[in-house]
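Let me begin by presenting the structure, written as structure tokens, before commenting on it.
Values in this text are rule-based calculations from the coordinates and carry no lab data. From a predicted model like this one, the values you see are computed outputs, not experimental measurements. A quick note on method: Cβ atoms are made from the backbone with ideal geometry, for glycine too, and the neighbour counts reach across all protein chains shown.
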Amino acid sequence: MTDTPTIVHIVDDDDAIRQSIGFLLRKAGHVVKTYASGTEFLRTVDRETQGCILLDVRMPGIDGLEVQSRLSSQGIGLPVIMLTGHGDVTLAVQAIKAGALEFLEKPFERAALLAAIDEAFRHAARTARDHVAAAEAVVRLAALTPRERDVLDGMVLGRPNKLIAFDLGIATRTVEVHRANLMDKVDARSLSDVLRIAFAAGLGAKG
């Protein structure tokens, strides 16, 4: 848990479910917002929305899978815990494949619900840290010259200096100079530091 409010959005067309889960989560210290339909929730959510989502898979109109799909298409990455009824395991599997963190089959135990929500907020915190690291890495790499980026690309591929030099048609000593300069610019003390920064910025993701 963090010091910031942990907001849980309950999206379920069953009044009793919304009330009972809402009561439980408020007692556990969460801020709770409830929605009687997927349509109602989608009208209010945007990229600035904080928290996690308890999302019923079967609802009239827009069901949970469709809500999940629309959130993804809008770039809204709130962690989703899917709520399923008995016999909805196939739908739950679809939800997990589409990015839901967990699914809970009704009726679920209090401990299971609270554990799933705790994990959702831990996941959100990790994701936020990753985004910050990625943004910082991109800024650092922007200071490199085109040739330094070429050398860095070779480092990311695991190539030794001699092979990078051969690929670029330059002297090994020149590669060493570029390598030292780029490490200084990105404030890296070791090859591991360089690789962490490069991977955070998305280098090497293509293959």
TODO: Note down the net charge around GLN74, summing +1 for each Lys or Arg and -1 for each Asp or Glu among other residues with Cβ under 9 Å from its Cβ.
DONE: +1
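Can you tell me the dipole magnitude for the range 143-200 around its Cα centre, using point charges on the Cβ only (Lys, Arg +1; Asp, Glu -1), in Debye to the nearest 20?
Values: 9 positive and 8 negative charges, 19 e Å.
The calculated dipole for the range 143-200 is roughly 100 debye.
Given an 8 Å cut-off on Cα distances and at least 6 residues of separation, report the relative contact order of the chain as a percent.
About 14 percent, as a whole number.
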TODO: Quick one: which residues, 5+ away or cross-chain, put their amide H under 5 Å from the amide H of GLU105? H built at 1.01 Å from N.
DONE: THR84
Task: Expected 222 nm ellipticity per residue - DSSP helices of 4 or more, -39500 (n - 2.57), all of the chain, to 500 - done: -17500 deg cm²/dmol
Task: Whichever lysines have a C-alpha closer than 24 Å to that of LYS97, once near sequence neighbours (fewer than 8 apart) are set aside - done: LYS106, LYS206
TODO: Would you kindly derive the ³J(HN,Hα) couplings of the range 44-49 from the backbone phi angles with the Karplus curve 6.51 cos²θ - 1.76 cosθ + 1.60 (θ = phi - 60°), listing them in order in whole Hz, with x for Gly and Pro?
DONE: 9, 7, 8, 5, 8, 5
Open item on the list: Taking the alpha-carbon distance from LYS27 and a cut-off under 15 Å, which aspartates and glutamates remain once sequence neighbours fewer than 8 residues away in the same chain are dropped?
Closed with: ASP118
- [ ] Give, as a single signed number, the net charge of other residues whose beta carbon lies under 13 Å from the beta carbon of PHE108, with Lys and Arg counted +1 and Asp and Glu -1.
- [x] -4
Open item on the list: With an 8 Å Cα cut-off and a minimum separation of 6 or more residues, compute the relative contact order for the range 7-129 in percent.
Closed with: 22 percent
Open item on the list: Whole percent per 5 Å bin, from 0 to the bin with the longest distance: what is P(r) over all C-alpha pairs of the chain?
Closed with: 1, 7, 14, 15, 13, 9, 7, 7, 8, 7, 6, 4, 2, 1, 0
